[in-house]
Amino acid sequence: MTAFGTQFSDQFVTAAYRDGAWQPAELKPLEPLSMHPAAHVFHYASTCFEGFKAYRWPDGSVHVFRLPDHVARMQKSAASLHLPVPDADLLTNMVLDIVAANRDDVPELPGALYLRPTLIGTLPNIGAAASPSTEALLYVLTSPVGDYFAGGIRPLKILIDDENARSTRQLGSTKTGGNYAAALGPTLAAKAKYGVDQVLFCPESDVQETGAANFLVIGDNHVLTKPLDSTFLHGITRASTLTLARDLGYEVEERPFSVAELMQSIKDTDAALSGTAASLTPIGEMVYRDETHTVNPGSDYASVMRLRNALSAVHSGEREDIHGWLTRVG
Ligand SMILES: Cc1ncc(COP(=O)(O)O)c(C=O)c1O
């Protein structure tokens, strides 16, 4: 299979917002968008998106993971950017319709159909830095993705960065392009200098998240992660992992912690990144102030893998969906 996010289904679904109302959604062949070069999004970054997956069970049925939660997060992102907020029913039905239309593209497990709702401000106005886009386009792309870890799980190497932030206090929990732009420079610099996979942003020593994943310290029966606030993205994989950990009897602590505490805890405890693309991925090494530290030396990452396997078992239908996280398509 091709690289994650580079292959697309033949159809997508769009809905425009104009004259104060959402227009009916249209299912159509995937095609380039035609837009005025003055569109608000190109100048003032009025854009947000979502990322989640539909899974094909061994019996052939197709299930979307935590659809209402992703719709709600998209609505929250749109509202924070003062973009027209998509109605929950409109976006939900667009997702279900496009998954049904592209159903044959949903790969066997551990692959999935990655779903990418996107909302952009289309008002043609280059004098609108301080006013919102009153026109918008919403669309949903689907992209078949393979096993992120084909060839086995490779523990990650990350840089602890206590100088830069990946976002701002007002937009940290908004899934918007500008946050990824802010993380790109520090991440590329860290890759070049230290050969790391990701940067863990810890401004003022507050351990937050990487450019595209949440961060958790995971022990045999204990999970520690930052509590929800406006500085970071409220990951659905993070939330699901914490719920499953509680179900399995783990003690779950959501509280702020410092880099000093983190460096102490990784002496004998695993750590992981969480996100839709790669699920839970163990971290093998952390670079902090030019020194490389092995995370939980000698670990076989069993603590991380136990939670990762529990999550995968919900995706595949092997574990009962007691929280009602899956929406069956068709
Ligand atoms: C900045 C950031 N944090 C965390 C996550 C993880 O979120 P989720 O688990 O909902 O995929 C993502 C992934 O999309 C992300 O881009």
Residue by residue through the stretch 262-275, the couplings from Karplus 6.51 cos²θ - 1.76 cosθ + 1.60 with θ = phi - 60°, in Hz, x for Gly and Pro, are 4, 5, 5, 5, 6, 5, 9, 9, 6, 9, 8, 9, 10, x
Expected field for H293, accessible surface area in Å² at 1.4 Å probe radius, rounded to 10, holds 60 Å²
Of all C-alpha pairs within the chain, those more than 24 angstrom apart amount in percent to 57 percent
Pseudo-spin-label distance F8 to A129, built 7 Å along Cα→Cβ, given in nm, is 3.1 nm
On the accessible surface of the stretch 211-321, probed at 1.4 Å with all protein chains in place, carbon and sulfur together account for a percent value of 46 percent
Looking only at aspartates and glutamates whose Cα falls under 15 Å of K226's and that sit 8 or more positions away or on another chain, we get E204, D206, E209, E251, E253, E254, E261
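To the nearest 0.05, how large is the calculated FRET efficiency for H222 and A150 if R₀ is 35 Å and r is the Cβ-Cβ distance?
Plugging the Cβ-Cβ distance into 1/(1 + (r/R0)^6) gives 0.70.
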Result for the chain: accessible area per residue, probe 1.4 angstrom, in square angstrom, of 44 Å²
Between the Cα axis of helix 177-194 and the main Cα principal axis of the chain, the angle (0 to 90°, nearest 10) is 40 degrees
For D147 the rounded accessible area (nearest 10 Å², probe 1.4 Å, non-protein molecules ignored) is 70 Å²
hull vol. (C-alpha, convex hull) per residue for the stretch 1-155, Å³ -> 133 Å³
About its Cα centre, the stretch 41-144 carries a charge dipole, from +1 on Lys and Arg Cβ atoms and -1 on Asp and Glu Cβ atoms, whose size in debye to the nearest 20 is 280 debye
Of the listed links K53/K175; K157/K193; K53/K191, those spanning more than 22 angstrom between alpha carbons are K53/K191
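So, with +1 on the Cβ of K and R and -1 on the Cβ of D and E, and no other charges, what is the size of the charge dipole of the chain about its Cα centre, to the nearest 20 debye?
So the dipole magnitude of the chain works out to roughly 360 debye.
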Nearest 10, in degrees from 0 to 90: the angle of helix 67-80 to the longest Cα principal axis of the chain is 80 degrees
Charge tally for neighbours of T14 with beta carbon under 12 Å away, counting Lys, Arg as +1 and Asp, Glu as -1, is -2
Heavy-atom accessible area with a 1.4 angstrom probe orders M305, M263, most exposed first, as M305, M263
Note to self: C-alpha centroids of the stretch 70-99 and the stretch 181-248 sit apart, in Å, by 25 Å
With all protein chains present, the stretch 98-161 has a carbon and sulfur share of its accessible area (1.4 Å probe) in percent of 52 percent
Among P84, V314, V287, the residue whose Cα sits farthest towards the positive end of the charge dipole of the chain, when +1 is placed on the Cβ of each Lys and Arg and -1 on the Cβ of each Asp and Glu, is P84
Shape descriptor, the stretch 84-127: equivalent ellipsoid semi-axes (Cα gyration tensor, sqrt 5λ, whole Å, largest first) stand at 29, 13, 8
Percent of all Cα-Cα pairs per 5 Å bin for the stretch 194-236, counting from 0 up to the last occupied bin, reads 6, 19, 27, 26, 15, 7, 1
Between the residues P58, A72, L188, the Cα farthest towards the positive end of the dipole of the chain, that dipole coming from +1 and -1 charges on the beta-carbon of Lys, Arg, Asp and Glu, is from L188
Full extension between R289 and A79 adds, at 0.36 nm per residue less the Cα distance, a length in nm of 71.8 nm
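Given a Förster distance of 35 Å, report the FRET efficiency between D268 and N164 from their Cβ-Cβ distance, rounded to the nearest 0.05. Walk me through the numbers on the way to the answer.
Working: r = 28 Å, r/R0 = 0.81.
The computed FRET efficiency comes out at 0.80.
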Cα gyration tensor of the stretch 197-294 diagonalised, 5x eigenvalues square-rooted, in angstrom largest first, produces semi-axes 20, 15, 13
Descending accessible area (1.4 Å probe), largest on the left, turns S205, S46 into S205, S46
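Could you work out the percent of alpha carbon pairs in the stretch 254-330 separated by over 16 Å, rounded to a whole number?
Summing the P(r) of the stretch 254-330 above 16 Å gives 61 percent of all pairs.
The values are calculated or read from the model by the stated rules, or taken from the named source; none is laboratory data. Fair warning: this is a prediction, and the values are worked out from it, not measured in the lab. Neighbour counts are summed over all protein chains in view; Cβ atoms, including those assigned to glycine, are modelled from backbone coordinates with ideal geometry. Heavy atoms of the whole protein, side chains included, go into the accessibility calculation; ligands, DNA and RNA do not. Shrake-Rupley method; radii C 1.70, N 1.55, O 1.52, S 1.80 Å.
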